[in-house]
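To start, the structure under review is shown below, and the notes come after it.
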Amino acid sequence: MPIIGFVNQKGGVGKTTTAVNLAACLAAAHRRVLLVDADPQGNATSAVGLPKESPSVYDVLVNSAAAEGVIRPTFIENLSVLPSDPNLYGAEIELLEIDRREHRLREILATFRTNYDYILIDAPPSLGILTLNVLAASDSIIIPVQCEYYALEGLSLLIDTVDRVRASINPPLEILGIVMTMFDGRLNIAQAVMKEVRSHFGKKVFRTPIARSVRLAEAPSHGKPIIFYDFRSTGAQNYIALAEEVIHAVEKTSSR
């Protein structure tokens, strides 16, 4: 079963929003989903209505707690979460003293990955040891890219990091796709950035952009993914369409 990381070292690009809402849409499509919150900010945890408290992924990574005892169900059928809490900020330092530190998450998830149809991992907005663990654990990654000018600079750095991870610790790692976020078709810059990204990455860019949306921004404060907060909203329909693309990319390809 696929493990998909959501990675971008630039903050504020819709990475967590995409991980959470895609997880909810896949669960609604009757897939068994585990959402792993590997970001110390814990926003993926709170976005599905769970508290940021111990035990968490920190205890699993650093203290070798059994993940099965830390994973929590959510109010969404088929969706479970391996939550985060602020202790995870210390993991960047504490993992340095652990053997095979970059493989910790990969080894943990390998023990129960067959229990789920999808494991989605929300990485922190950095290129430190936690993100390295996400890249080492993932079969593929989804890169959210904000439709703004500076997005392209950060994207080239991330692609370089992915290439280095492939060369050293995870050769099969693939880019499943790039999703354009915070898209406003009325703005020339949004159109220009999308055109530029498509010219470089072609079919790796998902067809569905995620529109800038007030309702999408409101949903996390209510502890609900957008399809459970406002199903008819543009954001909900965007993520439903994106989930269909992901299912097609993952399941149709693997069945060939």
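Please treat every number below as a calculation from the coordinates, not as lab data. These figures come from a predicted structure and were not determined experimentally. A quick note on method: Cβ atoms are made from the backbone with ideal geometry, for glycine too, and the neighbour counts reach across all protein chains shown.
Projected onto its three principal axes, the C-alpha set of region 81-230 covers 51, 38, 30 Å, listed from the longest axis down. Taking amide H as placed 1.01 Å from N in the peptide plane, the amide H of I121 sits under 5 Å from that of I4, G5, F6, V36, each at least 5 places away or on another chain.
If the only charges are +1 at each Lys and Arg Cβ and -1 at each Asp and Glu Cβ, what is the size of the charge dipole of the chain around the Cα centre, to the nearest 20 debye?
On the way: 25 positive and 28 negative charges, 178 e Å.
For this selection, approximately 860 debye.
Applying both filters, DSSP loop and at most 16 other Cβ atoms within 10 Å, to the trypsin sites (Lys or Arg not before Pro) of region 5-81 gives R32.
For the chain, give me the percentage of DSSP beta bridges that are antiparallel, rounded to the nearest 5 percent.
On the way: 2 of 27 bridges.
So the antiparallel bridges amount to about 5 percent of the total.
Taking amide H as placed 1.01 Å from N in the peptide plane, the amide H of Q146 sits under 5 Å from that of T181, each at least 5 places away or on another chain. In the set (i) 61, 38, 32; (ii) 61, 40, 36; (iii) 49, 40, 39, the label that goes with Cα extents along the principal axes in Å computed for this structure is (iii). Between E153 and D99, the modelled label-to-label distance comes to 4.3 nm, taking each label 7 Å out from Cα in the direction of the beta carbon.
Positive-end ranking of H248, I143, A65 along the dipole of the chain, with charges on Cβ about the Cα centre, is headed by H248.
Close amide H partners of D85, meaning residues 5 or more places away or on another chain with modelled amide H under 5 Å apart, are V57, Y58. Selection among N170, P225, P51 by position relative to the dipole of the chain gives P225 as farthest towards the positive end (Cβ unit charges, Cα centre). What the phi angles of region 72-84 give under the Karplus curve with 6.51, -1.76 and 1.60, with θ = phi - 60°, is a coupling list of 10, x, 10, 6, 9, 4, 6, 10, 10, 9, 9, x, 10 Hz, glycine and proline written as x.
The charge dipole of region 149-256, taken about its Cα centre with unit charges on the Cβ of Lys, Arg, Asp and Glu (plus for the first two, minus for the last two), comes to roughly 240 debye. Only DSSP H runs of four or more residues enter the estimate; each adds -39500 (n - 2.57), and after division by the residues of the chain the mean residue ellipticity at 222 nm equals -11000 deg cm²/dmol. Structure shown: which of K10/K195; K52/K252; K52/K203 lie over 28 Å apart, alpha-carbon to alpha-carbon? Pairs exceeding 28 Å: K52/K252; K52/K203. Which whole-Hz couplings ³J(HN,Hα) result when phi for each residue of region 140-146 is put into the Karplus expression 6.51 cos²θ - 1.76 cosθ + 1.60, θ = phi - 60°, listed in order with x for Gly and Pro? Per residue, the Karplus-derived 3J(HN,Hα) values read 8, 10, 10, 10, x, 10, 6 Hz. Where the centroid of each part is defined by its Cα atoms, how far is region 167-244 from region 96-154 in Å? What the calculation gives is 18 Å, centre to centre.
Taking the Cβ of V57 as the centre, find all other residues whose Cβ is under 9 Å away and add up their charges (Lys, Arg: +1; Asp, Glu: -1).
-3
Evaluating 6.51 cos²θ - 1.76 cosθ + 1.60 at θ = phi - 60° for every residue in region 171-181, the Karplus couplings come out as x, x, 4, 10, 8, 5, x, 10, 10, 7, 10 Hz, glycine and proline recorded as x.
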